[in-house]
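A.B. asks: For reference, the structure I am asking about is given below.
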Amino acid sequence: MIFSPFERMVAMRYLRARRQEGFISVIAGFSLMGIGLGVATLIIVMAVMNGFRAELLGRVLGLNGHLNVFSMVPGPLADFDDLAVRIRTRPGVVNVTPTVEGQALISMHGSASGAVVRAIRPEDFRVRPTLSTNIVEGSVNNFAEDRVAIGYRMAQRLGLRVGDSLTLIAPQGKSSAFGTIPRMRAYPVGAIFNVGMFEYDNNFVFMPLETGQVFFQHQGTVSSLEVFVKDPNSVYQAVATVLTAVGNRARVIDWQQTNTSFFTALQVERNVMFLILTLIILVAAFNIISSLIMLVKDKGRDIAILRTMGATRGMIMRIFLLSGASVGVVGTLFGLVLGVTFCQNIEAIRQAIQSLSGTELFSAEIYFLSHLPAKLDWGEVSQVVLMALGLSFAATLYPSWRAARLDPVEALRYE
């Protein structure tokens, strides 16, 4: 649609305040702010939801295998090295890690707390970047023999440093003439890691595989094999590939089956938030309709004069279309800039607000992560912008049509 200079001049003149109220009228200003804040809010929330999912997925898949191979019957997996060799030869498989995992009780300074103990070989620990690149105290080379690695939140909670001893109590006791005696063992702390995920930093203890086999009484067996593949998103193809290697000797469970409820809940929450926040833009679009209808009523005499001077109904309609669309376009661009800028600096903004208010806005105990993530999906951003522009243009149609249908004789008669 092409607007003539006359139509642009009249449309912009109608947006200016009549009594020195500012560049645009108060109603048009509220409409602009409504569109802008709606677009910015939608961009920010979608970016945070995307970042939250990506961070959780990256950490969960970085610390856990994309596939887990278990024994066909409940219990430990025997002949695991032979199975691991067969799985490693399959296309798309990056690494296979024998793992012993179980729960234990930590006894420190007269108090006790639960922990998840995971035992892997030192060479597998060193090649797992989520762990090896996030050592904050000690060294990755200290993860050997009987030394363990713990999260920094656990270290803070128990007052532990590298070199201190951590006492673990096994769930299976030792039988004796006097009954079952708890089995406990002290392990020196060789490294402290910070992966940025509260659950792992606070509750997980990593130890060498042979040490874990002794502690959990898994002589010559493991709990499972963790399989890492090139493309975790093509997990169904990977499952089929691994099944051909293990045959009837084991069963395979992928990461989507293990975390299905968690990531499904995230996706549902994301869709609901998108729907709810879209209503903000819709409400702002209705605000454009109401402001334009009021503008048409206020400018009835002007419309009548323009019609008597030769302006066509199409010109009148385009004038009010341009007035309403200008509010929508400027508001959308304002929201786009505000939302993108906020997302790119969201962690600094959070830290500043926390410093000013003295309260913790993003507790790791509740949200699992130690920082507020944001990941812009430019396809989603474009979708939000186009939706806002579409609603803004649609909101101008009825008031513009009403202005074009105004009878100049009736308008001048009642003035």
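The values are calculated or read from the model by the stated rules, or taken from the named source; none is laboratory data. Computed from a predicted structure; not experimentally measured. Every residue, glycine among them, receives a Cβ derived from its backbone with ideal geometry; neighbour counts consider all protein chains shown.
A.B. asks: Which pairs have Cβ atoms under 9 Å, sit 6 or more apart or on different chains, and link a residue in the range 205-220 that is within 12 Å of Glu145 (Cβ to Cβ) to one that is part of a helix (DSSP H, G or I)?
C.D. replies: Short answer, once both residue conditions are applied: Met207/Phe215; Pro208/Pro122; Pro208/Phe125; Leu209/Pro122; Leu209/Asp124.
A.B. asks: Here is a list of conditions, (1) more than 35 Å from the chain's Cα centre (by Cα); (2) on the phi > 0 side of the Ramachandran plot; (3) modelled with pLDDT of 75 or more, and Gly92 meets all of them except one; can you say which number that is?
C.D. replies: All conditions are met except number (1).
A.B. asks: Any idea which of Val235, Val189, Val195 is part of a strand (DSSP E or B) and either within 37 Å of the chain's Cα centre (by Cα) or at pLDDT 90 or above (or both)?
C.D. replies: On the way: Val235 fails: part of a strand (DSSP E or B); Val195 fails: part of a strand (DSSP E or B).
One residue alone meets the criteria, Val189.
A.B. asks: List the pairs whose first member sits in the range 281-302 and is in a helix (DSSP H, G or I), whose second member is among the acidic types (Asp, Glu), and whose Cβ atoms are under 7 Å apart, counting only residues at least 6 apart or on separate chains?
C.D. replies: Going by the 7 Å Cβ cut-off, the qualifying pairs are Arg301/Glu415.
A.B. asks: Oh, and also: Within the range 249-259, restricting attention to residues that are more than 16 Å from the chain's Cα centre (by Cα) and not hydrophobic (A, V, I, L, M, F, W, C), which residue is surrounded by the most Cβ atoms within 10 Å (Cβ to Cβ)?
C.D. replies: Step by step, filter the range 249-259, then rank; the result is Asp254.
A.B. asks: At least 1 residues that are touching a Gly at 6+ places or on another chain (Cβ under 7 Å) and surrounded by 13 or more Cβ atoms within 10 Å (Cβ to Cβ) in each: list the helices (runs of 4 or more DSSP H) lying fully within the range 111-173 that qualify.
C.D. replies: Ranges flagged: 129-132.
A.B. asks: Under 6 Å between Cβ atoms, at least 6 apart or on separate chains: pull out the pairs that start in the range 341-352 with a residue that is among the aromatic types (Phe, Trp, Tyr) and end on any residue that is surrounded by 15 or more Cβ atoms within 10 Å (Cβ to Cβ) and in a helix (DSSP H, G or I).
C.D. replies: Going by the 6 Å Cβ cut-off, the qualifying pairs are Phe342/Ile44.
A.B. asks: Please specify each residue of the range 243-261 satisfying the condition of being modelled with pLDDT of 85 or more and among the β-branched types (Val, Ile, Thr).
C.D. replies: Those that are modelled with pLDDT of 85 or more and among the β-branched types (Val, Ile, Thr): Thr244, Val246, Val252, Ile253.
A.B. asks: Shifting gears a bit: Select from the range 23-38 the residues that are at pLDDT below 70 and surrounded by 11 or more Cβ atoms within 10 Å (Cβ to Cβ) and write down the one among them that is farthest from Leu295 (Cα to Cα).
C.D. replies: Among those that are at pLDDT below 70 and surrounded by 11 or more Cβ atoms within 10 Å (Cβ to Cβ), it is Ile24.
A.B. asks: If you scan the range 269-326, which residues turn out to be of a type in the set (Phe, Trp, Tyr) and surrounded by 18 or more Cβ atoms within 10 Å (Cβ to Cβ)?
C.D. replies: Phe320, the sole residue that qualifies.
A.B. asks: A further question follows. Does any residue of the range 241-256 turn out to be part of a helix (DSSP H, G or I), over 30 Å from Ser382 (Cα atoms) and without any contact (Cβ under 8 Å) to a residue 60 or more places away in the chain?
C.D. replies: Step one: list which residues in the range 241-256 are part of a helix (DSSP H, G or I), which gives 241-246, 255-256.
In the following step, the residues that additionally are over 30 Å from Ser382 (Cα atoms) were identified as 241-246, 255.
When the remaining residues are screened for being without any contact (Cβ under 8 Å) to a residue 60 or more places away in the chain, the result is 243.
Scanning the range 241-256, I find at least one residue that is part of a helix (DSSP H, G or I), over 30 Å from Ser382 (Cα atoms) and without any contact (Cβ under 8 Å) to a residue 60 or more places away in the chain, so the answer is yes.
A.B. asks: Based on this model, can you work out whether Arg126 counts as under 20 Å from Pro208 (Cβ atoms) and free of Cβ contacts under 8 Å to residues at least 40 places away in the same chain? Let's see the steps before the verdict.
C.D. replies: Numbers: under 20 Å from Pro208 (Cβ atoms): yes; free of Cβ contacts under 8 Å to residues at least 40 places away in the same chain: yes.
Here the answer is yes, as Arg126 does meet what is asked.
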